[in-house]
Amino acid sequence: MVSADVSGKAKVVIVKNLTRNVVEQHLKVIFGFYGEITLIDIPTYAKSGQNRGKAAIEFADTAAASQAVSYMNGGQLDGAIVTVELSDLPIRT
């Protein structure tokens with residue numbers, strides 16, 4: 001659960017339960033609907049190159065991040081129900 005102070009400043013959303021087919025372009029198209037995306041991080045397995053089932057998306061503003069969570073948490077992406085939550089942690093570089 002996200003605390004109230006996190007949601008007030010968080011620009012990063014964490015998306016969990018991604019299928020192996022999801023790539024950065026999918027996330028740009030789907031989540032870009034809610035606002036300008038500044039950075040996407042999709043951790044991958046070294047050997048296969050497939051995603052690890054989660055991603056971090058950084059928006060330009062907090063309102064866009066909050067709206068993405070409101071509409072996408074519990075939604076479907078590539079047939080899987082995803083969990084989307086706010087994070088006040090920066091994206092790894």
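The values are calculated or read from the model by the stated rules, or taken from the named source; none is laboratory data. Quantities reported herein were computed from a predicted structural model and do not represent experimental measurements. These accessible areas exclude ligands, DNA and RNA; they are computed on the full protein's heavy atoms, side chains included. Shrake-Rupley method; radii C 1.70, N 1.55, O 1.52, S 1.80 Å.
Looking across segment 7-54 at every residue that is of a type in the set (D, E, K, R) and farther than 20 Å from Ile81 by Cα, the one that is modelled with the lowest pLDDT is identified as Lys9. Annotation: of all residues in segment 64-92 being within 10 Å of Ala10 (Cα to Cα) and open to solvent by 70 Å² or more (accessible area, probe 1.4 Å), the one that is modelled with the highest pLDDT is Asp88. Restricted to segment 25-51, and to residues there that are over 21 Å from Val69 (Cα atoms) and not polar (S, T, N, Q), the residue that is least open to solvent (accessible area, probe 1.4 Å) is Gly49.
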